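Just so it is clear, none of the values below were taken in a lab; they were calculated from the coordinates. This one's a predicted model, so the numbers in the text were calculated from it and none came from an experiment. Cβ atoms come from the backbone with ideal geometry, glycine included; neighbour counts cover every protein chain shown.
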Amino acid sequence: MKTITLQTTIQNLLKRHPDVIKVFESKGMYCTTCKGKKHETIQYAATYYGLDPEQFLNEIKEFIQKEEKFKKVK
């Protein structure tokens, strides 16, 4: 997994890990329809929605790790 940081843009994150949209949607964040996803970062999105950016980033990383393990098992 390439390094994902708070400065990673939403668009880049979704290109590499499209299933992570489930994490966003579970928080009521519909970033796939936002025009700002090209330049807005994970940190900006988390802050905008009133979330702790570090905690949100950790949730994203945990989700990706679980998805990767699941794909390997298949």
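Applied to segment 31-36, the Karplus parametrisation 6.51 cos²θ - 1.76 cosθ + 1.60 on θ = phi - 60° returns per-residue 3J(HN,Hα) values of 6, 5, 9, 7, 5, x Hz, with x for Gly and Pro.
Put simply, the amide H of MET29, placed in the peptide plane, has no neighbours under 5 Å, leaving out anything fewer than 5 places away on its chain.
The ranking of PHE70, PHE63, PHE56 from fewest to most other beta carbons within 10 Å of each one's beta carbon is PHE70, PHE63, PHE56.
What's the tally of Lys pairs in the chain whose alpha-carbon atoms lie under 17 angstrom apart, where the two lysines are 8 or more places apart or on different chains? So the count works out to 20. If R0 is taken as 25 Å, the Cβ-Cβ distance between TYR48 and ASN12 corresponds to a FRET efficiency of 0.90.
Charging the Cβ of each Asp and Glu at -1 and of each Lys and Arg at +1, and nothing else, the dipole of the chain about its Cα centre rounds to 440 debye. Could you tell me how many degrees, from 0 to 90 and to the nearest 10, lie between the Cα long axis of helix 53-73 and the main elongation axis, the longest principal axis, of the Cα atoms of the chain? For 53-73 against the chain, the angle is about 30 degrees.
Note on GLN65/TYR30: beta-carbon distance plugged into 1/(1 + (r/R0)^6) with R0 of 35 Å gives a FRET efficiency of 0.90. When the chain is treated as a Gaussian network with alpha carbon springs shorter than 10 Å, the biggest mean-square fluctuation among GLN43, GLN11, GLN55 belongs to GLN55.
Against the set (i) 75, 28, 23; (ii) 76, 25, 22; (iii) 36, 22, 22, the structure's computed Cα extents along the principal axes in Å falls on (iii).
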